[in-house]
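I have placed the structure first, in the form of structure tokens, so that the comments after it can refer back to it.
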Amino acid sequence: MSKLPGSTGISLLGDKSLEFYRDPITFCERRIEKHGSRIFQARLLNKSTSFVCSVQGMKELLCDKSSVFLKDPTDVMTYMYGDNIVTTNGEEASLLRLSLMNLFTGKCLASSSDYITSVCERSLKDLSSSAEPQAVYTIFKRLGSELVLGLFLNIKAEENPEAFEEITQLCTLHWHGIISAPVNVRIPMWSSGFSTALEAKDKLMEIIKEKLELEQEGFVGCLRALPLPDASCASQHLLLFISALIPKALASLLTSFTLALCGPDQEEARARARREPAYLDQVLLEVQRLWPPFIGGRRIASQDTTLGGYHIPKGSAAMYVSYGVHRDPEVFHQPEEFRPERWSGRNAGQEGLLCTLGNGPRNCIGVQLNHVFLKAACGYLLQHYDWSLSPSDQTLQYKWLPVSRPEDPLMVVFTPLRDQASRQPQDSTRDTCTHTQAEARKNTND
Ligand code: HEM
């Protein structure tokens, strides 16, 4: 068993949190090159941390040794969102997952599919009406918020615009509290961003509790019917599900999809994705590989163990870095290139090697919902528009934290697809929706 390459230095002074949070990609790339290893150590959040940037290391961390590497109950998420599944471990986590999964699979998921289709249609139908370039991330984030608040709280933007705006703003304030926390101080009670966030959280909890008292139907009704351990569990989880993080993550993926298939160079890829649902799946896998919305996830070693053959001491942290894992050249040939075809060639059947939505027994419980949503939104864009950058010389540099996206607002001009004959089959919008609904129905049996 060898020593993990890199150094964790001494407490506080050796901390590299600022360097990591400023530019996590350069942070990892420099160390991978320096140590000649895709697993290395450094001090993060003042804790010895192993950074995992290889597919094999990620699988070991999240799957094979998931009972050794545990969620951190002292994570800042707990302070902002209260007790919920994200920072829970052991049997409690397994039981919660079993219960909550019901909301995102089967009948519940199938019943969401019409709403998802209608929100996509309403939010995306006017993209070409002004012929002006559109700031796509903002549009997609709003679409994500409409989806989340409509599905989970039954607050529909078109029916109840004031409540929708109020809750969206509260969710944003709440979320800003998390990212305002200085990385080396866990609870900055004195920070104004943090106290504003706590006020926003209190207001959100009031709204959520009222909903839980009054509503019998829909998602809230399903949630109430679940066997949950205590009375506050449902409200805590609703707070988590309506977090601003989710619309941001959805907007991140839609923005990256739009960018990946942008302009005349990608005309053929757009036409193929329009015609072939299987190819669209490959495009979406490649988008998730290259531009995962979240940088990764963190665990704590509950005992002395190993990762990739390196010694990992009990109590130290381990973090998988999705960006690094997805560019592991051992698995992904020419990893920097956008090549959807890899998913029907060399990497066919290897979607399980991605960690965009986590991996293993603690992966994202919204996996299927995300898939239905992405297919609906990207399907709508493809069936109705062509698009290109405007202006064409934008800086496309990505930022990776807190959620990945192009640093400058990505401006895109959409033109309606006039040539109906190019749409295949005859009415492909209906076809894509039908496909999405069929998938949701298929999931009913999962
Ligand atoms: C594009 C959208 C999304 C992305 C990129 C995403 C990503 C992730 C990732 C990476 C994890 C694993 C974190 C870790 O390993 O520590 C995770 C877990 C989780 N996600 Fe998502 N997620 C998305 C949407 C959703 C949605 C729509 C929901 C439900 C409303 C959801 C609920 C959860 C929950 C509850 C967990 C924790 C599971 C557990 O700890 O057992 N996510 N997600």
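The values are calculated or read from the model by the stated rules, or taken from the named source; none is laboratory data. Only a predicted model underlies this, so the values are computations on that prediction, with no experimental measurement involved. Ideal geometry is used to build each Cβ from the backbone, glycine not excepted, and the neighbour counts take in all protein chains shown.
Within the range 268-313, if we keep just the residues that are among the small types (Gly, Ala, Ser) and closer than 30 Å to Lys71 by Cα, the residue that is nearest to the ligand (Cβ to nearest atom) turns out to be Gly297. Count of the range 316-358 residues, restricted to those that are more than 25 Å from Val403 (Cβ to Cβ) and touching a Ser or Thr at 6+ places or on another chain (Cβ under 8 Å), is 2. Looking across Gln350, Gln420, one residue alone is away from the ligand (no atom under 16 Å from the Cβ), modelled with pLDDT under 95 and not small (Gly, Ala, Ser). It is Gln420.
Please work out if Leu250 is touching a Lys or Arg at 6+ places or on another chain (Cβ under 9 Å) and of a type in the set (A, V, I, L, M, F, W, C). The answer is yes for Leu250.
Specify the residue that is nearest to Ser195 (Cα to Cα); the eligible residues are those in the range 68-94 that are acidic (Asp, Glu) and more than 10 Å from the ligand (Cβ to nearest atom).
Looking only at the range 68-94, we keep the residues that are acidic (Asp, Glu), and these are 72, 75, 83, 91-92.
From what is left, the residues that are more than 10 Å from the ligand (Cβ to nearest atom) are 83, 91-92.
On the way: Asp83: 19, Glu91: 33, Glu92: 30 Å.
In this case the residue turns out to be Asp83.
Yes/no per residue for (1) under 22 Å from the mean Cα position of the chain (by Cα); (2) surrounded by 18 or more Cβ atoms within 10 Å (Cβ to Cβ); (3) not polar (S, T, N, Q):
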site	(1), (2), (3)
Leu95	no, no, yes
Val119	yes, yes, yes
Ser128	no, yes, no
Ile139	yes, yes, yes
Leu147	yes, yes, yes
Glu162	no, no, yes
Glu165	no, no, yes
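Among the conditions (1) part of a helix (DSSP H, G or I); (2) farther than 18 Å from Gly82 by Cβ; (3) modelled with pLDDT of 95 or more, the only one that Gly221 does not satisfy is (3). Can you find a residue in the range 397-413 that is more than 12 Å from the ligand (Cβ to nearest atom), of a type outside the set (A, V, I, L, M), over 21 Å from Ala244 (Cβ atoms) and touching a residue at least 60 places away in the same chain (Cβ under 8 Å)? No. Tell me which residues, restricted to the range 112-128, are without any contact (Cβ under 8 Å) to a residue 40 or more places away in the chain and not charged (D, E, K, R). Matches in the range 112-128: Tyr115, Ser118, Val119, Ser123.
Cβ separations smaller than 8 Å between residues 6+ apart or across chains give the following pairs from the range 68-81 residues that are free of Cβ contacts under 8 Å to residues at least 60 places away in the same chain and surrounded by fewer than 19 Cβ atoms within 10 Å (Cβ to Cβ) to residues that are not hydrophobic (A, V, I, L, M, F, W, C) and not in a loop (DSSP other than H, G, I, E, B): Pro73/Thr87; Thr78/Thr87.
Residue pairs whose Cβ atoms lie under 8 Å apart, sitting 6 or more positions apart in sequence or on different chains, and linking a residue in the range 195-221 that is in contact (Cβ under 8 Å) with a residue 24 or more places away in the chain and charged (D, E, K, R) to a partner that is surrounded by 15 or more Cβ atoms within 10 Å (Cβ to Cβ) and not in a helix (DSSP H, G or I), are Lys211/Asn154; Glu215/Asn154; Glu217/Asn154. Arg97 falls short on exactly one of the conditions (1) without any contact (Cβ under 8 Å) to a residue 40 or more places away in the chain; (2) within 14 Å of the ligand (Cβ to nearest atom), and that condition is (1). Within the range 355-383, residues that are within 20 Å of Glu92 (Cβ to Cβ) reach partners that are of a type in the set (S, T, N, Q) and part of a loop (DSSP other than H, G, I, E, B) with beta carbons closer than 7 Å, at six or more positions or on different chains, in the pairs Gly360/Ser66; Pro361/Ser66; Arg362/Ser66.
Have a look at Glu206, Glu215, Glu210, Glu199 and point out the one that is more than 16 Å from the ligand (Cβ to nearest atom), of a type in the set (Asp, Glu) and surrounded by 15 or more Cβ atoms within 10 Å (Cβ to Cβ). One residue alone meets the criteria, Glu215. Of all residues in the range 339-356, those that are outside any strand (DSSP E or B) and surrounded by 19 or more Cβ atoms within 10 Å (Cβ to Cβ) total 6.
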